[in-house]
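See structure below.
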Amino acid sequence: MKSVVTTVVTSADAAGRYPSTSDLESVQGSLQRAAARMEAAEKLANNIDQVAQEAYDAAIKKYSYLNEEGEANSTDTFKSKCLRDIKHYMRLINYCLVVGGTGPLDEWGIAGQREVYRSLNLPTAPYVEALLFARTRGCAPRDMSSQALNEYNRLLDYVINSFS
């Protein structure tokens, strides 16, 4: 799994050099943000089911036509799979907060997502809407500190951008 440390070391090794000063500054910056990331990870872990459910509800409210017969959210099975996918992205965001890099999202969430959604004829706009809702739902200091919220939102933005 990629973290900022493994990414820096792998990159330097591939270039046949030792990590540079800027590489080490990148690692240091990540370590300095670790407390905020851990706070965000803990808060998300404690509320992941609620956050995912609210995000799912917001997406389906905006795209209510998906509940019509023959659409992507028309059966209980499809509904549970959509909610499962949103929870999956939230869990991967949680993992990324812990490791301090985007490796879990890159490896288990983003790689191949366009092809999967396209081959299954699933619209991605509802997933984007769900993640946007999760992003705007977060509030500092109600939910977490502003720095922790920034770390969380940065990863939500990363996933949202991967859908476009």
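The values are calculated or read from the model by the stated rules, or taken from the named source; none is laboratory data. What you see is a predicted model, and the numbers here were worked out from it, not measured in a lab. FYI the Cβ positions are ideal-geometry reconstructions off the backbone, even for glycines, and counts take in every protein chain you see.
Just checking, which of GLU68, GLU54 is more than 24 Å from ARG154 (Cα to Cα) and assigned by TED's automatic domain parsing to the domain that holds ARG135? Quick ask: steps written out before the conclusion?
Details: GLU54 fails: more than 24 Å from ARG154 (Cα to Cα).
Criteria check complete, one pass: GLU68.
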Residue pairs within 6 Å by beta carbon, gap of at least six or interchain, first lying in region 46-69 and among the aromatic types (Phe, Trp, Tyr), second surrounded by 13 or more Cβ atoms within 10 Å (Cβ to Cβ) and in a loop (DSSP other than H, G, I, E, B), listed first then second, are none
If you go through GLU129, GLU151, GLU71, the only one that is surrounded by fewer than 19 Cβ atoms within 10 Å (Cβ to Cβ) and either acidic (Asp, Glu) or closer than 25 Å to VAL27 by Cβ (or both) is GLU71
Being within 20 Å of GLU151 (Cβ to Cβ) and in contact (Cβ under 8 Å) with a residue 40 or more places away in the chain is the filter here; which residues of region 78-91 pass it? ILE86, TYR89, MET90, ARG91
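Report whether or not LYS87 is of a type in the set (Lys, Arg), outside the structural domain of PHE133 (by TED's automatic domain parsing) and within 22 Å of the chain's Cα centre (by Cα). If you could, list the steps in order and put the result at the bottom.
Numbers: of a type in the set (Lys, Arg): yes; outside the structural domain of PHE133 (by TED's automatic domain parsing): no; within 22 Å of the chain's Cα centre (by Cα): yes.
Considered against the rule, which asks whether it is of a type in the set (Lys, Arg), outside the structural domain of PHE133 (by TED's automatic domain parsing) and within 22 Å of the chain's Cα centre (by Cα), LYS87 comes out as no.
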Just need a number here: residues in region 115-136 that are without any contact (Cβ under 8 Å) to a residue 12 or more places away in the chain and assigned to a helix (DSSP H, G or I). 6
Going residue by residue through region 26-43, is there one that turns out to be modelled with pLDDT of 95 or more, more than 20 Å from PRO141 (Cα to Cα) and either of a type outside the set (Lys, Arg) or more than 15 Å from the chain's Cα centre (by Cα) (or both)? no
